[in-house]
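Report on the following structure.
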Amino acid sequence: MSLRLRAGLITTAVVGAGAVILAQGAAFASVPATPPAAPGHQTSAPADSLRSLASRVGLRIGTAVNTDALASDSDYRSIAATQFSTVTPENVMKWDTIEPTQGAYNWAPADQLVAFAQQNGQLVRGHTLVWHNQLPAWLTAAAPSMTPDQLRAVLKKHITDEVTHFKGKIWQWDVVNEAFNDDGTLRDSIWLQKLGPGYIADAFRWAHAADPKALLFYNDYNIEFTGPKSNAAYSLVQQLKAQGVPIDGVGFQTHLDTQYGLPDLQNNLQRFSALGLKVAETEVDVRTTLPVTAVEQNAQVGGYTSTLQACLAVRDCISYTVWGFGDGYSWVPAVFAGEGAADIYDENLQPKAEYTALQQTLALAAGAQQRGGGDRH
Ligand code: XIL
């Protein structure tokens with residue numbers, strides 16, 4: 001599997017790591033309609049858990065789940081069940097896991113996660129149907145010599161079969177992931193090369209046909225920062241809406257790094273939602289160079305706090321998802337040399353200041369709402 005290297009991709013929005021200003025007094029009010037919990041018994045989550053606090057302000061709080069850890073680590077399993085109200089499979093709904101050999105589907109790992117979610121009253125973010133990474137080897141080998149019609153048929157079958165398999169069990173699908181380069185041009189993937197830019201609209205149409213009730217998202221990174229990439233994503237989804245393509249939302253991955261400062265996320269979420277779309281923060285983590293200094297950890301705490309505040313301040317921001325919760329299981333050290341400590345629990349699954357920051361931000365929002373302040377919804 002090839003890993004995309006993203007170190008140093010954010011070159012424009014450099015602000016000092018110390019320039020963490022927390023928006024105070026953000027307004028939060030009534031609870032937006034939250035989808036019903038999936039069937040199954042609700043794990044008794046403590047009142048001060050992230051999921052209990054988030055439910056008081058009508059927000060779903062989620063995590064990516066490493067299904068190996070879920071099977072082998074009971075502390076991991078317990079935190080995943082009690083702290084979060086949605087889960088995203090970190091890898092097991094990607095094409096290389098789902099169809100490692102052409103025509104031979106491997107649904108079991110993802111089915112197990114869906115069952116875990118149902119047992120714990122959690123919703124599922126499906127991730128992801130069309131991407132340039134983690135494609136099965138048979139596809140990467142065959143794609144260059146396929147005709148456009150052949151490749152289109154393969155993609156349509158993949159989307160149709162996967163969405164149909166999970167029909168009725170997925171709250172939000174990341175239909176297309178990371179279609180843009182940082183300069184706002186479309187990524188030169190096999191999809192663009194063979195099918196042209198229309199593959200994006202086609203993917204949404206095929207997903208909608210297979211599960212009309214799932215919310216369909218475009219998902220990307222570095223679109224939290226205003227600039228060419230976020231503008232390109234904005235134009236894309238504006239056009240899709242205008243053409244009647246069934247798109248419901250935009251996912252802002254929100255993989256932050258203390259050395260690049262914080263995005264103007266609230267304004268950005270707001271302008272996308274003004275197009276009539278839902279928005280979500282889908283893969284939040286805040287990495288830094290190791291070993292972590294106190295200044296860097298302050299910046300990480302600020303990153304978690306301000307990204308959650310941005311979501312809380314935008315009424316159509318329906319979920320806030322961290323990309324894993326324990327530093328020992330994080331994807332960061334393997335991809336960004338010398339960086340880590342990006343998650344809200346440490347390597348021993350003990351909550352860090354970043355966890356407390358999310359907890360307090362939610363508690364403040366719930367308190368403000370109870371006092372009738374603000375106008376979140
Ligand atoms: C990452 C996983 O966390 C890793 O375990 C895997 O090896 C590579 O992919 N953007 C995405 C996610 O949309 O799917 C990526 O997940 C992280 C970046």
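The values are calculated or read from the model by the stated rules, or taken from the named source; none is laboratory data. Everything quoted here is computed from the prediction, not taken from an experiment. Positions of Cβ are generated from backbone atoms using ideal geometry, with glycine treated the same way; all protein chains shown enter the neighbour counts.
Residue by residue through the stretch 284-317, note down the ones that are part of a strand (DSSP E or B) and surrounded by fewer than 24 Cβ atoms within 10 Å (Cβ to Cβ). Spell out how you get there, then give the answer.
Going through the stretch 284-317, the residues part of a strand (DSSP E or B) turn out to be 284-289, 317.
Hit for the stretch 284-317 is Thr289, nothing else.
Exactly one of (1) within 16 Å of the ligand (Cβ to nearest atom); (2) of a type outside the set (S, T, N, Q); (3) free of Cβ contacts under 8 Å to residues at least 40 places away in the same chain is unmet by Glu347. Its number? Of everything listed in (1) within 16 Å of the ligand (Cβ to nearest atom); (2) of a type outside the set (S, T, N, Q); (3) free of Cβ contacts under 8 Å to residues at least 40 places away in the same chain, Glu347 misses just condition (1). Of all residues being of a type in the set (A, V, I, L, M) and within 16 Å of the ligand (Cβ to nearest atom) in the stretch 118-158, which is nearest to Ser319 (Cα to Cα)? Just the residue, please. Residue satisfying both the conditions and the ranking: Val124.
Condition first: in a loop (DSSP other than H, G, I, E, B), over 15 Å from His158 (Cβ atoms) and touching a residue at least 12 places away in the same chain (Cβ under 8 Å). Now tell me which residues in the stretch 178-195 satisfy that. Matches in the stretch 178-195: Glu178, Ala179, Asn181, Asp182, Asp183, Gly184, Thr185, Arg187.
Restricting to the stretch 164-176, name every residue that is farther than 20 Å from Tyr105 by Cβ and either within 16 Å of the ligand (Cβ to nearest atom) or without any contact (Cβ under 8 Å) to a residue 12 or more places away in the chain (or both). Residues satisfying the conditions are Gln172, Val176.
Has the stretch 230-251 got at least one residue that is in contact with an Asp or Glu (Cβ under 8 Å, 6 or more places away or on another chain), in a loop (DSSP other than H, G, I, E, B) and within 21 Å of Trp323 (Cα to Cα)? No, because not a single residue in the stretch 230-251 is in contact with an Asp or Glu (Cβ under 8 Å, 6 or more places away or on another chain), in a loop (DSSP other than H, G, I, E, B) and within 21 Å of Trp323 (Cα to Cα).
Within the stretch 252-261, the set of residues being modelled with pLDDT of 95 or more, in a loop (DSSP other than H, G, I, E, B) and over 16 Å from the mean Cα position of the chain (by Cα) is empty.
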